[in-house]
Structures are given as C-alpha cells and as structure tokens.
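No value in this document is a laboratory result; all are computed from the given coordinates. Just so you know, these numbers come straight off a predicted model, no measurement behind them. Virtual Cβ from ideal backbone geometry, glycine too; neighbours counted across all protein chains shown.
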Amino acid sequence: MRKPWWRMSRMERIVPPEHPSAAGGPLGELQRQFVREVLYRDSAGLPGRVRTDGLTAERRLGIYRTNARENFALALEAAFPLLLRCLGPEEFRQLAWAYQRACPSPAGNLFHVGRRLPEFLASHLGGTDDEYQIDVARLEWAVQEAMVAADGDEALDLSALAAVPAERQGDIRFGLHPSVRLLRTEYAVFALWEALQAGRAVTPARREPGCLLVLRRAAGVELQRLLATDLAWLESLQAGATLAVAASALPADQQDALGALLVRWVGAGVITSFG
C-alpha cells in the first residue's frame, strides 16, 4: 500500500509549489521567499531581511509558522469534522500540515482551503484501507459548498408551470436550488455522517455505492439518500437538460414515473424554478 504524505518521514522532502497570489518583481520574490520559509523552511537569505527589534529572526519567523499552521489546521477541522473523527486529532493535524504544504491557500479567506482536500486524498489513499476517507472528504466539502451557496427561489410556481402549452413541455428546463449538491460515493459514508450527528462512534465505512443529495434549508444543511434513478434524473436537470432529454435518463420501464419524480422534488424544494 502507498504511504500518505502525512505519514512520511520528516526527511522525505515535499517540493514547495509556486504561490499563485504572489506578485511579480522584487515584492513578489519577497512574498515567495516568505511563503517558502513559513511553510517549508526553505528560503536562504530571508532571515537577514527580518527586522528583529529584540527577537531573533528565527523567533519572529517561528511565530508566523505557528500561526499559519494552526489557523490552517483549525479551518480544516471546522470544515471536516467527520474526517477529523475518522483520523483522530493528531493524525488529522499531520494531514493538515502536509496538505497545506502541497496546496497552500492562495487567499486570506480560509473558508476555501478545503476545496482541494478530496483531490489530495485521492492522490494518496487510493487502493489503501483508508480509501473511504476520500468519500468522507467529498461529502463534507459538498456540505461546506451548500452552506455558502447563493439563495434561490423558495418554491416553483406551479400555476405558471401548468400554463405551459403541452407542445412546449418537453422543452422545459428546470433549475435546482443553488445549494443542491449530488454525489455518487463508493463507500457507505452516509452512515458515518449519521453516527457523527448522533454522537456515536465512527468506524471505517464499508464499500457500498451510494447516491446522496445535499441541500441547505432554513434550519441548516440536510443530507438525503437517493435512488439511482432519482440521482441520474436530477443530475440531468442540474446539467441543463430539457425535460424530454432528462426523461431519457430513466429506465424504459420507469418512464411513467416522470410525473411522480417532478412532484416529489418540487415538493421537497429541490426543483425551484423553470424556464
């Protein structure tokens, strides 16, 4: 099995990437030196440019190192509480610091630092006993995205929908609420999410494909299991398919369920607009 970066020896070097937000010219080079020093201790010449004022350059840089690491790790803990429970605090911190070195934040807003974590885990956990944690991270980031998604229409105008002429109904395109996220998972991570919410122990997820919907409501973010047919149909609508095209996502023996699907997801506040 491959060994994740956060379980590597301290002697195994991570090559620092270029920081995307650094400017050009002398200021940009100074910014890149600072990032390399804070994240990788890899910037010859920078300590000599630090104004000490009673503290050594190493002490002052150490304060920035500690703040950068701790704030980044705390932001990830807040966004990925289930992954934190799966790993435990110590290993999660090791993961956070390795991830920070590989994918440093390009901005001061730490909310977005977890965006690439599922991709990072996929690069290092595929084929291992911890592979289920990839789906855990995907689920939790979908929850984070739903939390900050734009507001949408509260409900679809059924009277306006009923007024659409029959010959045009196949061309209707339905819009899902902006917070809706649709996931296909390889592991039973929904059960882990339920265990976390109930305060129960969290154990490694078994391999069991799942279909999930994430939706923000007034009381908070809600997760639902989906049937595969519902997921395929909603994915088609979310991608902008017309009603006629989206219907083709249903098996031939379920074409007559189209009306029931529409009523179900309009009533659930998932489909909120049409055009």
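If a spin label sat at a point 7 angstrom from the Cα of ALA160 along the line to its beta carbon, no backbone N atom of the stretch 237-270 would be nearer than 15 Å.
The GluC sites (Glu not before Pro) of the stretch 120-174 that meet both conditions, a loop assignment by DSSP and at most 16 other Cβ atoms within 10 Å of the site Cβ, are GLU154.
Taking other C-beta atoms within 10 angstrom as a stand-in for reagent exposure, ASP53, ASP151, ASP230 fall in the order ASP53, ASP151, ASP230, fewest first. Put simply, when 191-200, 250-259, 70-79 are sorted by average Cβ atoms within 10 angstrom per residue, most first, you get 70-79, 191-200, 250-259. Shape verdict for the stretch 208-275, please, from the Cα gyration tensor: rounded (a/c under 1.5), prolate (a/b greater than b/c) or oblate. Oblate.
Using 0.36 nm per residue and subtracting the Cα-Cα separation, the extra length available between ARG60 and ASP153 on full extension is 28.4 nm. Once the chain from ALA107 to LEU30 is taken as fully extended at 0.36 nm per residue, the excess over their C-alpha distance is 26.1 nm. Place a point 7 Å from the Cα of ARG200 along the Cα-to-Cβ direction; which residues of the stretch 219-238 have their backbone N under 19 Å from it? Within reach of a label on ARG200: 223-226. Across the options ALA191, LEU121, PRO165, the greatest Cα extent toward the positive end of the charge dipole of the stretch 84-195 (unit charges at beta carbon of Lys, Arg, Asp, Glu) belongs to LEU121. Dipole check for the stretch 146-198: with +1 at the C-beta of Lys and Arg, -1 at the C-beta of Asp and Glu, and the Cα centre as origin, the magnitude is about 180 Debye.
For GLU186 and ALA239 in the same chain, what is the full-extension length gain: residue separation times 0.36 nm, less their Cα-Cα distance, in nm?
Numbers: separation 53, 0.36 × 53 = 19.08 nm, distance 2.20 nm.
Difference between extended and current length: 16.9 nm.
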